[in-house]
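What follows is calculated from the coordinates using simple rules that are stated; it is not laboratory data. Worth saying up front: this structure is predicted, and the values here are computed from it rather than measured. Positions of Cβ are generated from backbone atoms using ideal geometry, with glycine treated the same way; all protein chains shown enter the neighbour counts.
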């Protein structure tokens with residue numbers, strides 16, 4: 001059990017490391033118990049220093065993936081405001097930052113825009129795009145300016161066996177107690193003052209020491225009690241961080257676990273959180289593994305063909321699936337704004353920036369010039385989406401006419417429409433370019449992706465290609481090189 005003497009000793013360690021050099025600090029803060037505890041410990045230690053010694057900036061960073069649990073995201077946003085206000089009021093060197101992924105990398109742009117299959121253990125694209133890149137970009141900015149950085153993290157060995165193993169391994173790179181050099185990363189240190197604490201130590205500290213920036217640790221405990229006993233979602237800085245899907249502090253869209261037990265528990269334990277039920281249902285719908293294959297195009301996004309168990313590995317989600325999800329998402333957003341708590345009257349599940357990027361991808365990368373996104377937005381919200389770009393040349397009428405022509409005259413050619421739409425769109429883009437370098441190659445790429453009649457035709461091609469390749473390799477292995485040895489005198493010396 002942690003004692004006040006232990007706390008005072010740790011505060012002394014924090015002060016000693018803080019005053020030892022000019023290396024800036026970056027604290028990873030998710031709003032959960034561990035990150036709150038480490039921030040509170042550092043805050044109390046720095047506040048005890050004389051004002052003239054509190055010169056080194058301490059950056060507080062929080063990853064907002066834009067798909068965090070709404071309740072937690074709201075909690076963290078308000079907490080950041082309290083931190084900024086209290087730091088300024090008390091002359092403390094804390095600067096909070098909320099980090100978002102780039103628009104091109106957000107969850108909805110990836111899932112609904114590009115059609116990426118929902119994240120799964122063997123295709124965990126979300127962690128890198130939504131969290132690690134934003135954190136690393138911020139840290140690299142600090143490194144570029146100062147040459148070194150110390151990451152202050154609330155990670156603890158008691159969180160899991162994997163965490164204990166990883167932290168114990170990193171102790172090989174220790175530069176002093178609680179501080180380790182990050183493996184394979186120069187000039188980046190990790191300071192983990194809570195590394196030996198147990199869960200009960202964290203809660204004892206939070207409840208015995210008043211939150212110094214004016215936020216309620218008792219309310220934090222209440223929020224935890226409303227869900228399961230899973231750990232919080234840690235500050236993710238690398239891919240070896242385990243999935244936070246089981247955590248109540250994780251993304252509500254997480255499909256790395258079978259069920260989001262934490263959100264379900266929050267809804268079950270608190271009638272006032274029933275407004276989140278549509279989110280839970282939507283997550284279960286798009287994360288349905290049984291129906292996922294049939295929702296996806298049999299052609300992969302890269303155009304690469306490959307078989308698994310004698311079946312094609314399917315690629316991105318089909319047009320009608322992506323459009324259906326967008327429509328449902330907007331409906332849920334409207335429901336929460338109208339029926340949810342007062343704090344969520346302006347809640348956005350999907351931002352305008354994401355909508356614009358999804359529309360761009362559908363038009364420019366997928367050649368879906370029907371341009372359905374503004375229409376879907378208007379039908380659901382009753383509002384016009386503010387489109388700032390130039391009007392498109394082809395639209396609904398041209399799209400419907402081409403589709404009707406292809407489906408009517410060439411019923412067996414399933415990909416013919418996609419090919420012609422792609423060729424037309426590519427020609428439209430390149431029409432005004434004086435130097436059309438690589439244009440023929442782009443046309444050839446579109447034709448290659450739509451070369452097949454249907455999935456059966458493509459499967460046969462890949463299967464037969466493999467057979468021919470194996471036969472060729474076998475013939476080469478059987479090849480008798482001595483049959484081609486040149487006889488002496490076959491070469492003319494002249």
Practice prompt. Note the listed values (i) 88, 78, 47; (ii) 76, 55, 52; (iii) 67, 57, 49, then indicate which one is Cα extents along the principal axes in Å calculated from this particular structure.
Written response: (i)
Worksheet item: Is the range 4-244 best put as rounded, prolate or oblate by its Cα gyration tensor, with a ≥ b ≥ c the root eigenvalues, rounded for a/c under 1.5, and otherwise prolate when a/b is larger than b/c, oblate when not?
Response: rounded
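For Cα pairs less than 8 Å apart in space and 6+ apart in sequence, what is the mean separation divided by the residue count of the chain, i.e. the relative contact order in percent?
Numbers: 622 pairs, mean separation 66.6, N = 494.
Contact order relative to length: 13 percent.
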Discussion item. On C-alpha positions alone, give me the angle between the axis of helix 199-208 and the longest principal axis of the chain, in degrees, nearest 10.
Written reply: 50 degrees
Item to complete: Treat the count of other C-beta atoms within 10 Å as a stand-in for reagent exposure and order 76, 321 from fewest to most.
Response: 321, 76
Discussion item. Run the numbers for residue 353 and residue 120: contour at 0.36 nm per residue of separation, minus the present Cα-Cα distance, in nm.
Written reply: 81.3 nm
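Would you mind getting me the FRET efficiency between residue 281 and residue 225? Use the beta-carbon distance for r and R0 = 25 Å, nearest 0.05.
On the way: r = 24 Å, r/R0 = 0.96.
That gives a FRET efficiency of 0.55.
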Worksheet item: If you stretched the chain out fully between residue 47 and residue 268, how much longer would it get, using 0.36 nm times the residue separation minus the C-alpha to C-alpha distance?
Response: 75.5 nm
Discussion item. On C-alpha positions alone, give me the angle between the axis of helix 319-339 and the longest principal axis of the chain, in degrees, nearest 10.
Written reply: 30 degrees
Worksheet entry | Cα-based helix-to-principal-axis angle, 416-430 vs the chain, degrees rounded to 10 | 70 degrees
Item to complete: Report, in deg cm²/dmol and to the nearest 500, the calculated mean residue ellipticity at 222 nm for the chain, where each DSSP H run with n ≥ 4 adds -39500 (n - 2.57) and the sum is divided by the residue count.
Response: -14000 deg cm²/dmol
Worksheet item: Using the alpha carbon gyration tensor of the range 293-456, what are the three equivalent-ellipsoid semi-axes (square root of 5 times each eigenvalue), largest first, in whole Å?
Response: 32, 21, 15
Practice prompt. Only Cα pairs under 8 Å and at least 6 apart count here; give the relative contact order of the range 4-244 as a rounded whole percent.
Written response: 24 percent
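Of 270, 310, how do they rank once you tally other Cβ atoms within 10 Å and put the fewest first?
Numbers: 270 16, 310 9.
Ascending number of Cβ neighbours within 10 Å: 310, 270.
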Practice prompt. Would you please calculate the Kirkwood hydrodynamic radius of the range 144-225 over all C-alpha pairs and express it in Å, rounded to one decimal?
Written response: 14.6 Å
Discussion item. Taking the number of other C-beta atoms within 10 Å as the exposure measure, put 79, 306 in order starting with the fewest.
Written reply: 306, 79
Response to the item:
Using alpha-carbon coordinates alone, the radius of gyration and Dmax of the range 3-62 in Å work out to 11.6, 31
